[in-house]
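Reviewing the structure listed below.
The values are calculated or read from the model by the stated rules, or taken from the named source; none is laboratory data. Everything quoted here is computed from the prediction, not taken from an experiment. Every residue, glycine among them, receives a Cβ derived from its backbone with ideal geometry; neighbour counts consider all protein chains shown.
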Amino acid sequence: MRQLKGKPKKETSKDKKERKQAMHEARQQVTTVVLPTLAVVVLLIVVFVYVATRPNTTE
């Protein structure tokens, strides 16, 4: 059957499998890249605030 220009093509099982695989890889990247990076940024902010607000003990 001929495809009309304005309509998207129907998703085949192969397309669906590739899309699911891509979503799975994206979820893995969130846990392996984004979360550790976010933890490091939060840790740096906490250390900076601690160093900036600690009392000076110069005599």
**OP:** Determine the pairs where a residue that is without any contact (Cβ under 8 Å) to a residue 40 or more places away in the chain, located within the stretch 18-44, has a partner that is surrounded by 10 or more Cβ atoms within 10 Å (Cβ to Cβ) with Cβ atoms under 9 Å apart, the partner being 6 or more residues away or on another chain.
**Re:** Arg19/Glu11
Original post:
So which of Lys5, Lys14 is modelled with pLDDT of 80 or more and surrounded by fewer than 10 Cβ atoms within 10 Å (Cβ to Cβ)?
Top reply: Lys14
